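Encoded as structure tokens, the structure appears first; notes follow it.
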Amino acid sequence: MTTKGKNIILRRAGLLLAALLTMLPMTKADAQQREFTLEDLNFGGTNYHNMTPKNKTLAWWGDQLVRLDVEECYTVDKKTGKETPLFTLDDVNKWAGTKGGNDKIHNLMYASFPYPGEPLMLIQRKNERLLVDFKAKEAVWRQSTEGETHAEWCPASRAVAFVKDDNLYVTDGEGNTRRLTTDGSHDIVYAQSVHRDEFGIYKGTFWSPDGQRLAFYRMDQSMVPDYPLVDVDTRIATLMPTKYPMAGEASHKVTVGVYDLKTGKTIYLKAGDPTDRYFTNIAWGPDGKTVYMIELNRDQTDMELVRYDAATGEKQAVLYKEHHDKYVHPVNPITFLPWDDGKFILQSEKDGYNHLYLFNTKGGQLKQITSGKWIVLDLVGFNAKAKTAIIVSTESSPIQNNIYKVDIETGERTLLDDGKGVHANTYGAGGHRHPMLSASGRYAYDRYTAPDVPRNIDIIDVEKAKRTNYFKAADPWTGYNVPEYTCGTIKAADGVTDLYYRMVKPVNFDPNKKYPTVVYVYGGPGIRNVEARWHYASRSWETYMAQKGYLLFILDNRGSCDRGRDFEQATFRHLGVEEMKDQMKGVDYLKSLAYVDTTRMGVHGWSFGGFMTTSLMTTYPDVFKVGVAGGPVIDWKWYEVMYGERYMDTPQANPEGYAETSLINKAKNLKGKLQIIIGTDDPTVVPQHALSFIKKCNEVGTQPDFYVYPGEGHNMAGHQSVHLHEKITQYFEDYLK
């Protein structure tokens, strides 16, 4: 045989062997050699949907649990978890009489069952909402949705309130449409969220329980200057200004209207001059005749719960007042007991932690229902028969969310879940968890996770405090080389307070090596980064970096949320100062670890975290070698009124605090490599922040890098996010590795 012939045979044998090897099952060692890409890990990635734990979409039809899928709905046995088909997408299209194409209903995932005792499903198709009777197998009611924005539909009256061409309209259940306003514009905003989405506000319309009256916001922002954002996609770039009330400057004026469907008349609540006041947490009395509203002064030091007559707008009573020298921060409307129209629950931090208080409608506090050095995260709802409330709280741990039922009379609490992890991961409007509870409050479904649990769903019998496991998601990262995620505590700079941290060690970690380390930081109010979720709530980018040989460290400093009022208010009037002290305690801890290379430390964060990143880079320039600051606040005088003044007061009242925390004054201190990234159309942290810092760096001779995403807002949407995180990663690869 010739040499050539032998080579052909050997080559064929090699190919055969390779083919056979690919057919063999992968060993654990082989599987763990697989690596992630950002297409796997980032929410904008092409493979991200395959790399997140599987889920089930659920809804309640009264006390019957229903699983929704694209093409079919199933009832779920609450004792066994067994599913039984209810109807299909083809069935619904047949009953609705759709004609195909865009006229068809294409998805059942967003269906709902608004009437507990009736077999009616609410669903929407192109330009129409309809109720389908799945027992009678026909559509029994229809309503046009043509041109609607900011729509809120009311099951009780089947009326809908919506905005069209800047004005407010109402279409009643019979299809009659009435235009309620005529002066809506860029300056006059109706029926939308006001006060920059602060104070728990997320919408602008509020239906009465019987659906016969509608309360709505009117916001006059004509006195607020336009901030000039620019659309660069037009042939000649055009202005697309946004109203942006900056700290210490003129703010908008809000009033509250009430429209009566029966009379066709609109009145406005007689709350007085709205200048420098905030109207929040609107709630209706059970009889639909009274409106309750929490009102704050601009300093946000005083709040009042006020009751109004819905027919006349007259102020009836101030039921409750609360003061704090720093600030009060109400984010929840009052909630009436379903079995007693004369009593309601008010949530307050007045004892230092958010708890439930029972009041009567005369304003008398009857009792404090919950208490302790933990917070109520959410009042989910009630079981009226048992006279209990269902809450989510941090009672078990500051980094956990657990479900309890609370006896309103005695205050006795009963744990409804396993006491571990982060539970009740089902969110509805405004971030509340009401959808998890059945109509009577007898049952709940609990979608939860834990550091080693990707996702489980239990069905809870609230009265018996018993759980049935319905669903367990497999680990979608099986077969990948996954880093180690750990959690612990260190002491804050005050020497007393425990702070929680998350650490992500490099893949194939070797304690005898030294690793470049990146501190990921947020640090501001309203965010808890370290939680007892899957992988301790690690962001996917951390895994990507760990795969590249970095150690990641994340610390929730004082000033972050869910630890009580004093923990958050430690940063009052000097945002960034105490936070940096705590972050540096984290750095001290890192320096104590033999495997941390203290000559290669980086920092990265976005928004408040971008502020913290830039602060750390310019305050401790010899500690951090590299930083990436996304959408950073640079000077709080350029941030919005409601948030900025709550935590900093006004620039006029707190000039020392604003000067102390301004990063313009620290631009000269920059030594390391700092990359600043923004979206050019950011309406939250406007471009003036980053541009002013860059300008100052030019003046003083320091050398940051700057990257922009044209047309993007405060965060990068879609696949742009993949590009963004590769950009961030590459900066550390270039200058820290």
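The values are calculated or read from the model by the stated rules, or taken from the named source; none is laboratory data. Just so it is clear, the model here is predicted, and its values are computed rather than measured. Because the Cβ atoms are built from the backbone with ideal geometry, glycine has one as well, and the counts that use them run over all protein chains shown. We work out accessible area using only protein heavy atoms, side chains counted, and drop any ligands, DNA or RNA first. Shrake-Rupley method; radii C 1.70, N 1.55, O 1.52, S 1.80 Å.
So here's what we get for this one:
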{"item": "Residues (open to solvent by 20 Å² or more (accessible area, probe 1.4 Å) and assigned to a loop (DSSP other than H, G, I, E, B)) located in the stretch 55-71", "result": "Asn55, Lys56, Asp63, Asp69, Val70, Glu71"}
{"item": "Residues being open to solvent by less than 10 Å² (accessible area, probe 1.4 Å) and touching a Gly at 6+ places or on another chain (Cβ under 7 Å) - total across the stretch 550-563", "result": "5"}
{"item": "Index of the failed condition, Pro511 passing every other in (1) open to solvent by 30 Å² or more (accessible area, probe 1.4 Å); (2) more than 30 Å from Gly627 (Cβ to Cβ)", "result": "(2)"}
{"item": "Residue selected from the stretch 613-661 under the condition open to solvent by 30 Å² or more (accessible area, probe 1.4 Å) and of a type in the set (Gly, Ala, Ser), by the criterion nearest to Asn557 (Cα to Cα)", "result": "Ala659"}
{"item": "Candidate set: the stretch 105-121, residues that are open to solvent by 70 Å² or more (accessible area, probe 1.4 Å) and within 19 Å of Ser144 (Cβ to Cβ); chosen: the one farthest from the chain's Cα centre (by Cα)", "result": "His106"}
{"item": "Only listed residue being at pLDDT 95 or above, more than 33 Å from the chain's Cα centre (by Cα) and among the hydroxyl-bearing types (Ser, Thr, Tyr), chosen from Thr680, Thr702", "result": "Thr702"}
{"item": "Count of the stretch 200-247 residues which are assigned to a loop (DSSP other than H, G, I, E, B) and within 23 Å of Trp153 (Cα to Cα)", "result": "10"}
{"item": "Whichever residue in the stretch 122-147 is among the basic types (Lys, Arg), in a strand (DSSP E or B) and at pLDDT 95 or above and, among such residues, is least open to solvent (accessible area, probe 1.4 Å)", "result": "Arg129"}
{"item": "Strands (runs of 3 or more DSSP E) wholly inside the stretch 364-483 that include at least 1 residues being within 30 Å of Ser540 (Cβ to Cβ), in contact (Cβ under 8 Å) with a residue 60 or more places away in the chain and hydroxyl-bearing (Ser, Thr, Tyr)", "result": "443-450, 466-472"}
{"item": "Strands (runs of 3 or more DSSP E) within the stretch 255-357 that include 1 or more residues within 20 Å of Lys203 (Cβ to Cβ)", "result": "266-268, 277-284, 290-297, 302-309, 335-337, 340-348"}
{"item": "The lone exception for Met503 - which of (1) assigned to a strand (DSSP E or B); (2) open to solvent by 30 Å² or more (accessible area, probe 1.4 Å) it fails", "result": "(2)"}
{"item": "Criterion (open to solvent by less than 10 Å² (accessible area, probe 1.4 Å) and farther than 30 Å from Pro655 by Cα) met by exactly one of Glu542, Glu531", "result": "Glu542"}
{"item": "Test result for Met219, open to solvent by 20 Å² or more (accessible area, probe 1.4 Å), touching a residue at least 24 places away in the same chain (Cβ under 8 Å) and touching a helix residue (DSSP H, G or I) at 6+ places or on another chain (Cβ under 9 Å)", "result": "no"}
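Here is a yes/no grid of residues against (1) surrounded by fewer than 22 Cβ atoms within 10 Å (Cβ to Cβ); (2) touching a Phe, Trp or Tyr at 6+ places or on another chain (Cβ under 8 Å); (3) at pLDDT below 95:
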| residue | (1), (2), (3) |
| --- | --- |
| Asp407 | yes, no, no |
| Gly421 | no, yes, no |
| Asn425 | yes, yes, no |
| Tyr448 | no, no, no |
